[in-house]
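In what follows, a structure is listed as structure tokens, so that the remarks can point back to it.
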Amino acid sequence: MEWTSSASRLRTTCSRKFVELWKAYVLIFSQKSVQRYFLARTFSRISTNLIPVVVSCELLKQYHSATLLSAYLTAFTVGLAVGSIAGGYLTDRYGPWAILLGSDTIRAFNSVVAIWALGHLGPTLSMGLFLGILGGAAAVAVSVVPKKIIPADQIAVGVSSLSSVGQLLFLIIPLTSMGLMALRSPTLRWLVVALLYAVAAVQFALMPHFGANGGPNLKGPCSISGRDFRKRFVPRP
């Protein structure tokens, strides 16, 4: 009898917690800024994961050059490290909105330029380095946005829900890659990647300027002055 009562209380508690968590998810995703952010991140992440597939296919299949592929990957890795370091400063200085909008817009144009750039060592190295820098800077900026658009008392649930839903994208990316490789024309492949980046940039452009509850401005800098820092965080003697 006691065991049955404990099981019933546990079931009731779990059901109540599930309902509370579901309500929190609905509340978070009902905000327009979160919806724009999620759509922009979705299209941007798909495009970013498609680029290595397109580059590998074109350099190996069309140009039969593993040397160019290794040069591209090396330049991309170096650019990613440089962009990650610079992305923190740029996000603090100009805000995540400017970094993400600029990154996806530039990568959309860069995907169109890649139609003519690949196949030669110099342009291939430049494109890999450039895409790496933009990707590294965007990776830093995109991690800052949820903390600005989600209410302070829901940050933990909001970030975890966005991350968990975002993991489902990795189920879509292989299917998207298969569909992209079905296109016989390399030009069409790059145009699809450019279109996805352009859609992401539009979503970032349409995001509300302010976060939830009149939160921080997405278009403003993230850093604070030394005087404000001391006032907020340094305890007085």
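The values are calculated or read from the model by the stated rules, or taken from the named source; none is laboratory data. A quick note: this is a predicted structure, and the numbers were derived from the prediction, not measured. Because the Cβ atoms are built from the backbone with ideal geometry, glycine has one as well, and the counts that use them run over all protein chains shown.
Some notes on this structure:
- Scanning segment 117-141 for residues that are at pLDDT below 85 and surrounded by 21 or more Cβ atoms within 10 Å (Cβ to Cβ) yields L118, T124.
- Hits in segment 47-95 (condition: among the acidic types (D, E) and closer than 12 Å to M127 by Cβ): E58
- Residue match in segment 82-93 (condition: over 14 Å from R189 (Cα atoms), in contact (Cβ under 8 Å) with a residue 60 or more places away in the chain, crowded, with 18+ Cβ neighbours inside 10 Å and under 18 Å from the mean Cα position of the chain (by Cα)): yes
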